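The next block holds one structure in the form of structure tokens; read it before the comments.
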Amino acid sequence: MVLQLHSYLRTDLRYGDRFLPAPFMIEFTGSPDAGKTTCIKELDNFLYRSGLRVFIPQEGAEVIRHIDRDTPEYNIRTGLYALNMLIDYAHGHAYDIVIFGLMVNL
């Protein structure tokens, strides 16, 4: 898996002045206490030890605190928060991999 990621990301060229691909995005979704954070931490450790630069943005549920979690607006707002970050990081080259953790309220 790591060799395929290095190949996809072209890490041999990534830090030069030639082609710079966007980071590879990974998303974990699930209800509260589903184990997203645990999986993200384990994956982060594995990828970091493999020589990849990994970033884990703060989860929208930790940022969006002014909207009640029981409303549809909450899911929309946390989704928009993640979308904004996704677009911003897709145009940057500071990281090889960005891992998102999104809580879903049903």
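Derivation of every value follows stated rules applied to the coordinates shown; laboratory data play no part. Quick caveat, the model's predicted, so the values are computed rather than measured. Glycine gets a Cβ as well: all are built from the backbone with ideal geometry, and neighbour counts include every protein chain shown.
Taking amide H positions as modeled 1.01 Å from N, with prolines and chain starts lacking one, the residues under 5 Å from residue 101 and 5 or more places away or on another chain are 28. Across segment 2-103, Cα pairs under 8 Å and at least six residues apart give a relative contact order of 44 percent.
Using 0.36 nm per residue and subtracting the Cα-Cα separation, the extra length available between residue 80 and residue 48 on full extension is 8.7 nm. At an R0 of 22 angstrom, the distance between the Cβ atoms of residue 65 and residue 37 translates into a FRET efficiency of 0.80. Taking 0.36 nm per residue of sequence separation and removing the Cα-Cα distance, the residue 2/residue 58 pair yields an extension gain of 17.7 nm.
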